[in-house]
């Protein structure tokens with residue numbers, strides 16, 4: 001498994017990197033099969049250290065966790081415990097969903113854009129209808145079943161997952177509705 005351990009304006013020593021690789025590796029190995037890479041980012045927010053971890057599995061699922069603590073090791077330990085708890089909760093579902101899957105999830109490329117929003121609530125009509133693009137990046141869209149997409153959304157904590165449904169050409173979307181239920185958009 002590949003590890004990317006970094007700090008935002010914080011020096012990350014060898015001892016912390018070794019601790020992260022050891023503890024995170026044990027937690028992931030216990031509950032997940034075939035992890036491909038892990039990204040751990042440390043930052044400082046006021047007097048607390050923040051640890052954000054993201055683990056990608058070869059099945060296409062991504063698990064992420066975030067924790068705060070006054071000690072940098074404590075922030076990582078809390079983050080690793082949250083990650084382990086997520087993987088433990090979904091272990092049975094991961095096994096059931098992927099038992100029949102012979103190959104890893106198929107991914108294809110797409111572009112992702114972040115558009116500028118108007119800060120003025122009573123803004124005038126824009127001169128052109130083209131929005132200003134702040135960021136453009138590449139992303140991958142997985143080929144999943146609806147159940148796998150819902151599980152990916154719950155594990156990653158994102159409000160929406162865009163995916164290709166197995167056996168279909170079009171793009172599907174699952175999202176968390178305001179009433180707490182999950183919506184599914186199927187263009188077919």
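Here, each number is a calculation from the coordinates, and none is a lab measurement. Worth saying up front: this structure is predicted, and the values here are computed from it rather than measured. All Cβ positions, glycine included, derive from the backbone under ideal geometry; neighbour counts span all protein chains shown.
Estimate the FRET efficiency between residue 178 and residue 2 by the formula 1/(1 + (r/R0)^6), using the beta-carbon distance for r and 41 Å for R0, to the nearest 0.05. Computed FRET efficiency for residue 178 and residue 2: 0.60. When both bridge partners sit in the stretch 2-98, DSSP labels roughly 75% of those beta bridges antiparallel.
Show me the ranking of peptides 158-166, 174-182 by mean Cβ neighbours inside 10 Å, starting with the highest. The partial results should precede the final answer.
Numbers: 158-166: 16.2, 174-182: 11.8.
Those peptides, ordered most packed to least, come out 158-166, 174-182.
The calculated FRET efficiency for the pair residue 11 and residue 81, based on their C-beta separation and a Förster distance of 35 Å, comes to about 0.90.
Protection proxy ranking, highest mean first, for peptides 42-49, 70-77: 70-77, 42-49, where packing is the per-residue count of other beta-carbon atoms within 10 Å, averaged. With a simple spin-label model that places each label point 7 Å from the Cα along the Cα-to-Cβ direction, the separation between residue 22 and residue 58 comes to 2.7 nm.
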